[in-house]
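For reference, the structure is listed below as structure tokens.
Read the figures in this text as sums done on the coordinates, not as results from a lab. In this text the structure is predicted, and so the values were computed from the model without any measurement. Positions of Cβ are backbone-derived with ideal geometry, glycine not excepted, and every protein chain shown enters the neighbour counts.
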Amino acid sequence: MHRAKGVGFGDIVDVDNFKGQHPTFREEIESMITPEKQELLIAEKLLTMDEKCLISVAVALVENDVRSRTQPSLIHDDPGVHNTFGAETITFFDPDPKISHPLIDLAIACVWAIIATGDQKSLAALARGYQSESPYDEPVLQACIFLKLLEKWQWWLYRGKTESFALGWIEKTKPLLRDAQTQLNSITH
């Protein structure tokens, strides 16, 4: 999927030209992690006011990568084991196709891997596999993980009211967020 390059970010509004609805990555993220959703994460003690500033740091890292080397691509936006066929080569189904930074897919794959396995081995294997095909900078991946987790957490908070396992997913992914925050904090200091 990531070989198909696009223009813009977010939901595809022009299929023929692979054009996303938002002109910038920042606008795509702001449409998903709105100030209201940030306040919800703060109220639920999943994000602090100090950590809130890392959203801009993460967005800037990804935008700099887009300017310098990585073109927006067609992404699946939910590549986890639950969306694959058990075939010889990994085949994904049930996409929510968008145009975005391709590491968004690796980020969400890492989220689902940590939920499924709870260990770092699966994350390392995912990173090695992706890196062998498409080299990337680790801080950019960590920025994507940070942003994707915030988006998922606010959705899981909503789902948690009806599906108790969603709240468990938040607990399982907290170490992943802490690792991403550590990487982002090292850039700001």
> Residues in segment 174-189 near a label at residue 56, defined as backbone nitrogen under 16 Å from the 7 Å Cα→Cβ point?
Replying inline: 185, 187-189
>> Take the chain, mark every one of the trypsin sites (Lys or Arg not before Pro) that falls in a DSSP loop and has at most 12 other Cβ within 10 Å, then report the longest stretch left between them, sites excluded.
In response: 70-160
> D for the chain, whole µm²/s, Stokes-Einstein with Kirkwood Rh over alpha-carbon pairs at 37 °C and 0.692 mPa s: what number?
Replying inline: 194
> Which links in 19/52; 98/172; 45/161; 45/121; 45/148 stretch past 20 Å when you go from one Cα to the other?
Replying inline: 19/52; 98/172; 45/121
>> Can you list the DSSP H helices in the chain whose Cα atoms extend at least 18 Å along the helix axis and whose mean Kyte-Doolittle hydropathy is 0.5 or higher?
In response: 54-68, 103-117
